1. Does B:Ala300 meet the test of being small (Gly, Ala, Ser) and away from chain A (no Cβ under 14 Å)?
2. Please work out which one of (1) more than 20 Å from A:Gly168 (Cβ to Cβ); (2) not in a helix (DSSP H, G or I) is the condition A:Asp81 fails and give its number.
3. Taking the options A:Asn260, A:Asn240, A:Asn232, name whichever one is of a type outside the set (Ser, Thr, Tyr) and not in a helix (DSSP H, G or I).
4. Could you please find all residues in segment B:244-260 being crowded, with 24+ Cβ neighbours inside 10 Å and either within 12 Å of chain A (Cβ to nearest Cβ) or more than 11 Å from B:Ile40 (Cα to Cα) (or both)?
5. So B:Met134 fits all but one of (1) assigned to a loop (DSSP other than H, G, I, E, B); (2) in contact (Cβ under 8 Å) with a residue 12 or more places away in the chain; (3) surrounded by 20 or more Cβ atoms within 10 Å (Cβ to Cβ); (4) out of contact with any Phe, Trp or Tyr (no Cβ under 9 Å at 6 or more places or on another chain); what number is the exception?
6. Restricting the first residue to segment B:187-212 and requiring it to be closer than 16 Å to B:Ser224 by Cα, which pairs with a second residue that is buried (at least 17 other Cβ atoms within 10 Å of the Cβ) and modelled with pLDDT under 90 meet a Cβ separation below 8 Å and a spacing of at least six or different chains?
7. Checking A:Gly341 against (1) surrounded by 15 or more Cβ atoms within 10 Å (Cβ to Cβ); (2) free of Cβ contacts under 8 Å to residues at least 60 places away in the same chain, only one condition comes out false. Which one?
8. Starting from segment A:267-288, take each residue that is closer than 19 Å to B:Asn163 by Cα and at the interface with another protein chain (Cβ under 7 Å from one of its Cβ atoms) and list its partners that are in a loop (DSSP other than H, G, I, E, B) and acidic (Asp, Glu), counting only C-beta distances under 8 angstrom and pairs at least six apart or across chains.
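The values are calculated or read from the model by the stated rules, or taken from the named source; none is laboratory data. Note that the coordinates shown come from a computational prediction; the quantities given were computed from them, not determined experimentally. For neighbour counting, all protein chains shown are included, and Cβ atoms are generated from backbone atoms with ideal geometry for every residue, glycine included.
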Amino acid sequence: MNKKLLALLLSGSMMLSLAACGGGAATTPAPEESKAAEPAQSQAAAPVESKAAEPAEKTADDIPDNMTSADGKYQVAFITDVGQLKDKSFNQGTYDGVKLYADANGLSYKYYQPANGDQATDDDRYDAMKAAVEGGAEVVVCAGFMQEAALTKAAGEFADVPFVFIDGYPIGLDNVAGISFQEEQSGYLAGYAVVQEGFEKLGFSGGGGGTNPACCRFGYGFVQGANAAAANLGKTVEMNYSWEYGASFSASPELQTMANGWYTTGTEVIFACGGSMFQSIAAAASANDGFVVGVDVDQSFESDAVVTSAMKGLASAVQWAVAKVYDNTFSEIGGQGTSLGAKDDAVGLPTATWSMENFAVADYEEMFADIAAGKLDIDADYETGLEQDWSNLKLNIQ
Amino acid sequence: MTFLIQQTLLYAVPLMIVALAGVFAERSGIINLALEGIMIFGAFVGVLFIRIMQGMDVFQAAFAAKNWMALQGMELLAMAVAALLGAVFSLLLSFASVNLRADQTIGGTALNLMAPALVLFLIRIIANQNTLQMTEGDAASWFMIKKTTLGFDRKADLGFLGNTLLHQVYLATYVCIILFIVLSILLYKTRFGLRLRSCGENPQAADSLGINVYRMRYAGTTISGALAGMGGFVYALTTANCASTGDVAGFGFLALAVMIFGNWKPGNIAGAAILFGLFKCVAASYASIDINGDGVYMLATLGISSHVYRMLPYIITLVVLAFTSKKSRVPKAEGIPYDKGQR
């Protein structure tokens with residue numbers, strides 16, 4: 001009886017949420033090209049699910065966030081990072097990968113949000129992982145480096161369940177695959193692009209209070225790219241650099257006021273580096289006719305103020321890693337750290353949707369190829385590298 | 001300077017109108033501790049209204065055609081809906097404290113506890129997340145009045161006053177200021193206002209002169225609920241990019257402090273709200289404030305930790321309250337349930 005009621009409530013809420021979102025014109029595209037193996041599998045699964053009429057290219061937004069499996073078991077589980085699921089950035093991008101893989105392969109999936117929201121403790125995260133495993137998870141995708149402690153405990157306890165640790169690193173357990181990205185490359189490209197485009201006063205507002213390695217790498221890369229482009233153009237640019245707000249990656253009136261202040265005093269473009277912080281900064285940008293650089297996924301659909309986004313291929317990385325579980329090759333990545341960068345086509349800017357006029361796509365592609373080939377090396381050591389004397393950049397760290 | 005004035009107003013106006021909401025309730029004899037809860041609820045209702053309107057494509061054509069009159073109408077409508085539902089929500093408090101003669105602080109606290117929980121629960125059902133946002137665009141591009149919306153050129157200089165009052169402002173701010181003035185006059189210069197205030201001072205005497213104390217207290221609390229609901233939505237719209245999160249950053253409680261600090265008098269409240277708003281603005285953007293326009297950001301060059309600036313609004317409130325609370329004059333019958341049989 002209780003289960004029926006729960007199912008009813010869940011499906012009801014799903015319908016409501018679908019109805020509420022249905023009117024919006026803002027849709028996110030398929031984040032990355034899907035793996036080659038996928039279409040074949042989805043066609044094989046199609047007749048069973050009577051989805052044959054649908055076109056093969058299904059975007060993540062077409063797949064509901066909540067699904068009810070027949071047996072109450074959920075095979076692919078996702079544990080969110082701090083911040084909300086639909087942050088139009090990190091969590092959402094990662095979950096898109098889960099949904100796309102599960103949907104294409106006829107698997108059940110579910111997301112688990114650790115209790116206590118932004119104040120989630122390691123115990124809360126462990127509880128979420130435990131719930132996922134007890135809910136029948138065959139693979140657990142955990143987003144965010146803050147999951148480490150909980151993951152060590154959970155993965156040690158459930159040694160036969162593979163865990164995929166996004167934005168993570170090896171933690172000495174064979175069933176945990178750490179996957180990280182070379183965000184500094186993505187940030188570099190974004191910084192280079194905006195300065196080439198002609199912006200001279202930049203801003204960087206990062207989430208996690210300066211303790212999140214991914215955000216630090218993004219920011220450090222952004223500074224290097226801006227400096228390189230300024231040197232190339234023979235001018236000096238300025239950058240405000242702040243970790244003050246968005247420690248929990250959320251939007252806030254204070255952050256919006258700070259961004260308003262930056263734009264009012266001449267900042268032209270701000271790199272909004274962290275989940276929902278984008279909302280506050282985009283609002284300030286559109287109030288002041290300023291511009292924003294998005295993060296993690298292509299955010300140009302969220303606001304007209306977005307010039308480009310420093311992306312990392314979350315969805316494709318998740319699909320790639322989860323696929324390894326199902327074709328029994330997880331041992332290749334388990335227990336190790338995999339760092340994905342330009343060479344894997346896992347970072348970059350969305351050239352199709354950017355609004356650059358003075359920086360040509362060809363120039364971008366040339367630079368990207370240089371980075372991928374290792375000809376252009378971008379430093380990732382933000383702890384010692386950031387506070388140096390930049391040749392063509394005035395950095396105001398706040 | 002323009003920036004400072006505008007940002008200060010954004011923070012001060014919701015505080016001011018919600019503090020006035022407190023005045024209306026307390027002057028009629030009901031302690032309205034539920035201001036925070038009603039604000040949260042009002043913010044939710046207003047944002048939901050805008051979402052539904054966007055979802056039904058009612059104003060999409062107006063937005064596409066840059067018909068800002070229609071969009072301002074939508075904003076006013078959302079404010080009205082938030083006020084209406086805020087008033088309805090506050091009926092819970094008036095019913096408990098007038099009809100049931102329950103302890104008003106407990107009733108208010110109950111509403112404060114209920115509102116965020118209820119709102120978060122509903123947001124989860126509606127949006128499957130912790131934040132309710134506009135379905136498309138942002139508050140600034142939909143509702144903010146800029147030079148260009150008024151038909152001026154983007155680079156036009158409107159002078160100091162024009163730049164401050166006509167560029168990058170929200171209609172809601174001005175509506176709240178006008179409402180604040182009108183309602184202050186209502187409270188002090190009309191028969192209704194006098195009767196309402198008498199019920200907060202000596203309800204027995206008021207009753208003996210034929211004033212229906214229950215009705216007056218209902219009126220006071222309902223106006224209070226409407227203002228707080230509207231204030232909550234205005235706060236969400238102007239400072240939080242039209243998003244509802246089951247939280248208004250303690251503005252309801254700050255409004256209570258502002259009300260006490262303002263000695264239950266509208267003029268003082270306006271001053272107190274502006275003082276607080278100013279420090280709130282300084283806290284968030286001290287590094288971008290350039291008062292005399294010489295390109296030097298004085299506060300940033302002082303080298304004081306940003307945490308000090310962020311504490312300022314609260315420290316100022318504490319200090320000011322410590323010095324002024326001696327002189328404060330609470331409405332005499334506030335918090336005491338009215339019992340006809342008592343003398």
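1. So B:Ala300 does not fit the description; no.
2. Only one criterion in (1) more than 20 Å from A:Gly168 (Cβ to Cβ); (2) not in a helix (DSSP H, G or I) is unmet by A:Asp81, namely (1).
3. Residue meeting the stated conditions: A:Asn240.
4. B:Ser244, B:Thr245, B:Val248, B:Phe251, B:Leu254, B:Ala255, B:Val258, B:Met259
5. For B:Met134, the failing item is (4).
6. Short answer, once both residue conditions are applied: B:Arg197/B:Pro331; B:Cys199/B:Ala333; B:Cys199/B:Tyr338; B:Gly200/B:Pro331; B:Gly200/B:Ala333; B:Gly200/B:Glu334.
7. A:Gly341 satisfies all of (1) surrounded by 15 or more Cβ atoms within 10 Å (Cβ to Cβ); (2) free of Cβ contacts under 8 Å to residues at least 60 places away in the same chain except (2).
8. Between residues of segment A:267-288 that are closer than 19 Å to B:Asn163 by Cα and at the interface with another protein chain (Cβ under 7 Å from one of its Cβ atoms) and residues that are in a loop (DSSP other than H, G, I, E, B) and acidic (Asp, Glu), the close pairs are A:Ser286/A:Asp304; A:Ser286/B:Asp138.
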